[in-house]
Amino acid sequence: MAITYPTTLDVFTNPTSTSLLTSPDHAQQHSDINDAVEALEAKVAIGNTVLGTYTAYTPTFANVTVGNGTSGARYSRVNNVVNYYGYFAFGTTSAVTGIVNIDLPVAARAIYGTINGLPMGDLQMYDSSVATWFKGEVFSIGSTTTVRTRVWTTSGTNLISNTSANTTLPFTWTTSDQFLWNIRYEAA
């Protein structure tokens, strides 16, 4: 029997204590099991690509002048689920020039490219001038490679989130300010 994994699950014939070495064929049984283990190893991988191991990633942004700011990110893919977190800390030559978008390390499932506004993760924004954290989220914008930031604001006693982080929201960005994200989404 040729193995069919990872397309489908294999069905092996288990010998019993009274089975002859020819039923199922002993050599074929070893060959099938060896092939199945090799297919599993190929699927799970080795080294830094081990299932669930985080990989360093350099994020890029739309409408952010990086200048001498610092950033870092890591992501992990388990099957089709990507966990992606990172940060950007403003330097003296960094600036926000419009609505902030963050790129994804692995392309998202097509639905993220067709539906705007799907929540994809958390966003924290730090205003160093008043030592205050602001809460937000990242969401889909009709792209499988980019997400947009959104600020949580209030209207009366209700929490709303209809404004994207930009040059003045939730505050005017300056040296030592930061934004951090933690995103979870389905890969293509």
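Quick notes on this one:
- Among the residues of segment 155-171, some residue qualifies, meaning at least one is part of a loop (DSSP other than H, G, I, E, B), touching a residue at least 60 places away in the same chain (Cβ under 8 Å) and loosely packed, with under 15 Cβ neighbours inside 10 Å.
- Exactly one residue out of Ala45, Ala2, Ala56, Ala36 is on the phi > 0 side of the Ramachandran plot and either small (Gly, Ala, Ser) or at pLDDT below 75 (or both): that is Ala45.
- Within this structure, Asn83 passes the test of being of a type outside the set (Phe, Trp, Tyr), touching a residue at least 12 places away in the same chain (Cβ under 8 Å) and touching a Lys or Arg at 6+ places or on another chain (Cβ under 7 Å).
- On inspection, Ile102 passes the criterion of being of a type in the set (A, V, I, L, M) and buried (at least 17 other Cβ atoms within 10 Å of the Cβ).
- Among the residues of segment 127-154, those identified as surrounded by 14 or more Cβ atoms within 10 Å (Cβ to Cβ), free of Cβ contacts under 8 Å to residues at least 24 places away in the same chain and not hydroxyl-bearing (Ser, Thr, Tyr) are Lys135, Phe139, Trp152.
- Any hit, segment 134-142, residues being assigned by TED's automatic domain parsing to the domain that holds Asp177 and over 15 Å from Trp181 (Cβ atoms): yes
- In segment 6-25, the residues that are of a type in the set (Asp, Glu) and in contact (Cβ under 8 Å) with a residue 12 or more places away in the chain: Asp10
- Output for segment 10-31, where each listed residue is within 29 Å of Asn79 (Cβ to Cβ) and exposed (fewer than 10 other Cβ atoms within 10 Å of the Cβ): Val11, Asn14
- Every residue from segment 104-141 that is in a strand (DSSP E or B), under 18 Å from Tyr75 (Cα atoms) and among the β-branched types (Val, Ile, Thr): Val138
- Thr13 in a loop (DSSP other than H, G, I, E, B) and outside the structural domain of Trp152 (by TED's automatic domain parsing): yes
- Applying the condition of being at pLDDT below 95 and assigned to a strand (DSSP E or B) to segment 142-154 and asking which residue is nearest to the chain's Cα centre (by Cα) yields Arg150.
The values are calculated or read from the model by the stated rules, or taken from the named source; none is laboratory data. In this text, all values refer to a predicted model and were calculated from it rather than measured experimentally. A quick note on method: Cβ atoms are made from the backbone with ideal geometry, for glycine too, and the neighbour counts reach across all protein chains shown.
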